[in-house]
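Here the structure is laid out as structure tokens; the discussion comes afterwards.
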Amino acid sequence: MKLFEQQELVIYNSISKTKEKFKPINDGSIGMYVCGPTVYSNVHLGNCRTFLSFDLIFRYLKHLGFKVRYVRNITDAGHLENDADSGEDRIAKKARIEMVEPMEIVQRYTVDFHQTMSLFNALPPSIEPTATGHIIEQIEIIEKIILEGFAYIVNGSVYFDVHKFNETNSYGKLSGRNLEDMVANTRDLAAQSDKKNPQDFALWKKAEPEHIMRWPSPWSQGFPGWHLECTAMSTKYLGKQFDIHGGGMDLKFPHHECEIAQSEAALKTNPVNYWMHANMLTLNGKKMAKSTGNNILPHEIFSGINSILSKAFSPSVTKFFMYQANYRSILDFSNNALIASEKGFNKMMEAFKMLSEISISDECDFDPSAWKQSCYDAMNDDFNSPILIAQLFEAVKIINSAKEGNIKLDQNAITILQDTMQLFIFEVLGLQENLIINTTDDTKLEGAVAILIELRNQARINKDFATSDLIRDQLKVAGINLKDGKDGTSFSLN
Ligand SMILES: [Zn+2]
């Protein structure tokens with residue numbers, strides 16, 4: 001019997017706004033699509049939160065025994081500066097400023113994204129398709145939408161006719177908006193001259209002469225609209241209808257709303273059974289965003305090099321901090337919150353290691369099976385990681401009491417504690433030992449530490465032990481341990 005047959009999973013579905021019992025389309029298999037990054041800049045911590053939320057979900061679904069096909073795309077064309085089909089392509093703009101090929105920008109930031117995800121110990125998706133690799137599929141979907149009468153061609157561009165679509169379908173059902181309100185709230189009609197209505201969105205845009213990212217199509221040399229790629233790639237790899245579609249909360253409208261409209265228009269199906277949205281990470285109470293400059297980059301946290309941080313924090317501590325909030329809640333980032341998370345993280349890891357030192361009793365004052373099920377219950381309830389972590393801290397309390405001789409644990413309890421903590425800490429939460437990652441150039445770090453070791457040696461020769469101790473202790477706080485040996489002083493990162 002598979003685990004998923006024993007554990008009843010419920011998922012909060014953004015479209016029904018309720019928790020629903022999870023039932024996949026095909027028994028035992030799950031298709032999951034998550035909107036990936038637009039690779040025109042370094043991935044900031046707010047983006048990471050979304051991808052780490054879905055990593056947790058992917059890991060838990062796999063643990064339950066489901067065969068999961070997890071598709072997460074790379075947006076490497078079509079995403080304009082302004083989500084409403086205007087402005088320059090984000091990647092082309094960066095390439096123009098730096099005077100490089102757009103694909104050099106794509107390559108650089110795809111590599112950065114992969115490296116960052118791997119530092120966070122996030123699993124790679126099953127398939128990671130790109131928008132530029134699926135132009136033909138996108139053109140095919142546009143042709144179907146035109147054929148069904150839900151799109152029109154103007155000057156070589158193709159637009160989705162939202163008003164026509166809304167006559168037979170319901171546009172706005174995911175985001176809870178209705179078309180009349182959208183019309184009433186739209187002022188700027190003149191700026192959208194090609195469209196019949198400002199609510200319409202581009203499926204294909206004719207390229208201006210200076211626009212270099214362009215492909216041939218039946219309508220013009222141009223490029224696909226941003227919403228279309230996700231419909232094309234999810235359909236290709238997961239079918240017309242699949243189980244889970246995820247992304248950041250800010251993608252609900254217009255991006256995901258348009259995906260639903262495209263699928264319903266072209267394929268006559270509601271594409272997704274469970275819509276899941278991860279909430280945002282804030283900094284100083286405001287949304288982290290590339291465009292406003294209110295953001296922090298992962299490597300700044302791992303190196304401690306940012307004025308808001310008092311020290312470096314490991315990827316696992318950073319991830320632990322994020323998982324202490326439910327993926328659907330807004331979470332505010334601060335130095336103090338990371339310090340508190342690190343304390344909790346270390347306490348949990350120490351207790352886990354201590355398990356092997358506990359003396360085994362014949363008696364037991366703890367019900368390990370009930371506790372183990374409570375860990376599953378937390379995750380079964382819409383992947384509620386803060387409750388899971390609270391349960392892990394229950395175990396920490398039990399272990400510490402047993403260590404102090406206040407309660408007794410038998411072999412069975414110790415084995416269940418060990419196996420369950422191992423499972424949830426390392427496999428499901430995907431945490432690792434508290435490694436400080438050196439994201440700077442190795443030789444530069446070695447050079448800098450060598451200078452500090454030399455200064456410390458000088459201080460010792462001068463019998464200035466206050467300074468030599470200060471150097472050692474401050475390096476330790478920064479995660480660098482000095483070790484004095486007969487061949488001199490060496491260092492290690494902890
Ligand atoms: Zn998408």
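Values in this text are rule-based calculations from the coordinates and carry no lab data. Since the structure is predicted, the reported quantities are computational estimates derived from the model, not experimental observations. Positions of Cβ are backbone-derived with ideal geometry, glycine not excepted, and every protein chain shown enters the neighbour counts.
Summary of values
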quantity	calculated
Per-pair calculated FRET efficiency, R0 = 51 Å: residue 478 and residue 27 via Cβ, rounded to 0.05	0.50
FRET efficiency estimate (nearest 0.05) - Cβ-Cβ, residue 100 to residue 426, R0 51 angstrom	0.80
Sequence-distant lysines (8 or more away, or on other chains) whose Cα lies within less than 27 Å of residue 476	311, 319, 343, 347, 353, 444, 463, 486
The chain - mean residue ellipticity at 222 nm from DSSP helices (-39,500 (n - 2.57) per run, n ≥ 4, rounded to 500)	-13500 deg cm²/dmol
Fully extended contour minus Cα-Cα distance, from residue 1 to residue 415, at 0.36 nm per residue	146.8 nm
Dipole axis of the chain (+1 Lys, Arg; -1 Asp, Glu on Cβ), positive-most option in 53, 478, 430	478
Extension gain (nm, one decimal) between residue 17 and residue 81, 0.36 nm per residue minus Cα-Cα	20.0 nm
For region 7-24 and region 408-435, distance of Cα centres in Å	28
Contact order normalised by residue count of region 159-272, Cα under 8 Å, 6+ apart, percent	25
Region 218-287 - Rg and Dmax from Cα coordinates, angstrom	14.3, 48
Where labels lie 7 Å past Cα in the beta-carbon direction, separation of residue 393 and residue 359 in nm	3.0
³J(HN,Hα) computed for each position of region 216-221 - Karplus, 6.51 cos²θ - 1.76 cosθ + 1.60, integer Hz, glycine/proline x	x, 8, x, 9, 4, 6
Cβ-defined net charge surrounding residue 224, 12 Å radius [Lys, Arg +1; Asp, Glu -1]	-3
Residue-span extension gain [residue 340 to residue 462] - 0.36 nm each, minus C-alpha spacing	40.1 nm
Amide H contacts under 5 Å for residue 67, placed H, 5+ residues apart	29, 30
P(r) weight above 43 Å for the chain, C-alpha pairs, percent	27
12 Å beta-carbon shell around residue 378, net charge (K/R +1, D/E -1)	-3
Estimated inter-spin distance, residue 330 and residue 469, nm [label 7 Å along Cα→Cβ]	4.7
Model label zone, residue 433; criterion: amide N under 19 Å from point 7 Å along Cα-to-beta-carbon; scope region 102-119	119
The chain - percent relative contact order, Cα under 8 Å, separation 6 or more	16
Net charge contributed by nearby residues that have their C-beta within less than 12 Å of residue 21 (K/R +1, D/E -1)	-2
Alpha-carbon centroid distance for the pair region 43-57 / region 321-388, whole angstrom	20
